[in-house]
Amino acid sequence: MGPLPFIIVAIDGGAASGKSSSSRILAEQFNLLHVDTGSFYRHLTADLVRRGVSHQDLPALIATLGRVKLSTQLNGRSAQMLIDGQPAGDGIRSQDVNSAVSHYAAIPEVRGALLDYQRGQVGVAQQHGFRGLVMEGRDIGSVIFPAATLRFFLHAEPAERAKRRAAEGQQDSIVERDRLDSSRKASPLTCPTGAIDIDSTFLTLDEVVAKMSALIAVSLA
Ligand code: DC
C-alpha cells in the first residue's frame, strides 16, 4: 500500500463562528496540522501597530512588509507564525487588535504578504509527519486552497456568537468585523461555490464536529 493521501480541510466563517474549536478537534481526530490564519492576521496587525505603521500609510506598510521574516514554530498540533523570530503574545486577542485587524486585512499588500506563507504550511505539515492540515480563516476555500479536499463554511446568528465570546471572557466587535471582512474587495468573507455550508446557531460544538468528521471520513475511505 502506498503512502496515505495528504488531505486539506478548509474552514471559513465569520468571527466567533466556531472555526477554531472545531478545527482543533478535527486536527486531533485525524492527525492534521491546525493552522489558524486569523492568528496570523492578528499577529501581523499587532506587530504593525507596535511599529507605528498605520493601515492608511501604504508606502510604510509596503516597506515594512518587505522586511519582515515569517517562520513557523509548532505549538502542539498548531502552527504558530513567528515574525522576525518572535511568537505572537496574548495581546493578539485584545480589543485593540479586534478592532484594528479587519482594516489591515482589507489591504491587498497585507494579504499578499501572507499568501505564500499560508500555502507553505503544507510543507510544514508534511515535514512533521501530519496526515494533512486543517486551515481556518475567511478565504481558505476561496483563495488559499480552492482545491482543498473538503471546504466548510460555518455561520451562526450574531447573538449566539456574541454569547460564545462572552463565555470565553472576551469582548469582540463581531458584527463590525464581519461587515468589514465581507465588504472588502480583496478576498472577502464569502461562502465559496461548492463549499459545505453549516449553520451552527442551534448545534453544539460536538454536533458541528460530527458533521465535519463524517464527511472527512468518507473522503478518506
Ligand atoms: O479568525 P479571527 O477572527 O481570529 O480573524 C481575525 C481577522 O483576521 C478577521 O476579522 C479578518 C482577518 N482574516 C482574514 O482576513 N483572512 C483570513 N483568512 C483570516 C483572518
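Going by the structure shown, is V124 assigned to a helix (DSSP H, G or I), β-branched (V, I, T), at pLDDT 90 or above and within 21 Å of Q29 (Cα to Cα)?
Yes; evaluated as a whole, the condition is true for this residue.
Filter the stretch 69-86 for residues that are surrounded by 14 or more Cβ atoms within 10 Å (Cβ to Cβ) and either within 13 Å of V49 (Cα to Cα) or of a type outside the set (S, T, N, Q) (or both); which is nearest to the ligand (Cβ to nearest atom)?
The selected residue is M81.
So which of G66, G89 ends up being at pLDDT below 95 and of a type outside the set (A, V, I, L, M, F, W, C)? Spell out how you get there, then give the answer.
On the way: G66 fails: at pLDDT below 95.
Only one candidate passes the filter, namely G89.
Do we find that G66 is surrounded by fewer than 13 Cβ atoms within 10 Å (Cβ to Cβ) and either assigned to a strand (DSSP E or B) or touching a helix residue (DSSP H, G or I) at 6+ places or on another chain (Cβ under 9 Å) (or both) in this structure?
Yes: the conditions hold for G66.
Of all residues being part of a helix (DSSP H, G or I) and polar (S, T, N, Q) in the stretch 34-63, which is surrounded by the fewest Cβ atoms within 10 Å (Cβ to Cβ)? Just the residue, please.
The extreme case among them is S39.
So which pairs qualify, if the first residue must be in the stretch 182-204 and within 21 Å of V101 (Cβ to Cβ), the second must be part of a helix (DSSP H, G or I) and at pLDDT 95 or above, the Cβ gap must be under 7 Å, and the two must be at least 6 apart or on different chains?
A186/P108; A186/R111; S187/R111; S187/S142; S187/V143; T190/S142
Would you pick out the residues in the stretch 162-181 that are of a type in the set (D, E, K, R), assigned to a loop (DSSP other than H, G, I, E, B) and within 11 Å of the ligand (Cβ to nearest atom)? First the steps, then the outcome.
At the first step, the residues of the stretch 162-181 found to be of a type in the set (D, E, K, R) are 163-165, 168, 172, 176-179, 181.
Narrowing the set further to residues that are assigned to a loop (DSSP other than H, G, I, E, B) leaves 168, 172.
Within the stretch 162-181, D172 is the sole residue that qualifies.
Please go through (1) under 27 Å from T64 (Cβ atoms); (2) assigned to a helix (DSSP H, G or I); (3) within 14 Å of the chain's Cα centre (by Cα) for G141 and return the number of the only condition it doesn't satisfy.
It fails just one condition, (1).
Out of all the residues in the stretch 10-25, is one or more away from the ligand (no atom under 13 Å from the Cβ) and either of a type in the set (S, T, N, Q) or buried (at least 22 other Cβ atoms within 10 Å of the Cβ) (or both)?
No, that holds for no residue.
So which pairs qualify, if the first residue must be in the stretch 6-29 and farther than 20 Å from Q127 by Cα and assigned to a helix (DSSP H, G or I), the second must be of a type outside the set (F, W, Y) and more than 14 Å from the ligand (Cβ to nearest atom), the Cβ gap must be under 6 Å, and the two must be at least 6 apart or on different chains?
From the stretch 6-29, the pairs are S21/L205; S22/V208; S22/V209; I25/V209.
Within the stretch 85-103, can one find any residue that is on the phi > 0 side of the Ramachandran plot and either polar (S, T, N, Q) or outside any strand (DSSP E or B) (or both)? Talk me through it step by step, then tell me what you get.
Start the filter on the stretch 85-103 by keeping residues that are on the phi > 0 side of the Ramachandran plot, which leaves 85.
In the following step, the residues that additionally are either polar (S, T, N, Q) or outside any strand (DSSP E or B) (or both) were identified as 85.
So far as the stretch 85-103 goes, yes, one or more of its residues are on the phi > 0 side of the Ramachandran plot and either polar (S, T, N, Q) or outside any strand (DSSP E or B) (or both).
Would you please list the contacts, defined by Cβ atoms under 9 Å and residues six or more apart or on different chains, that run from a residue in the stretch 101-126 that is of a type in the set (D, E, K, R) to a residue that is within 12 Å of the ligand (Cβ to nearest atom)?
R111/Y41; R111/A105; R111/D139; R111/V143; R111/A186; R111/S187; R119/I144; R119/F145
The values are calculated or read from the model by the stated rules, or taken from the named source; none is laboratory data. A quick note: this is a predicted structure, and the numbers were derived from the prediction, not measured. Note that each Cβ is placed from the backbone with ideal geometry, even for glycine, and that neighbours are counted across all protein chains shown.
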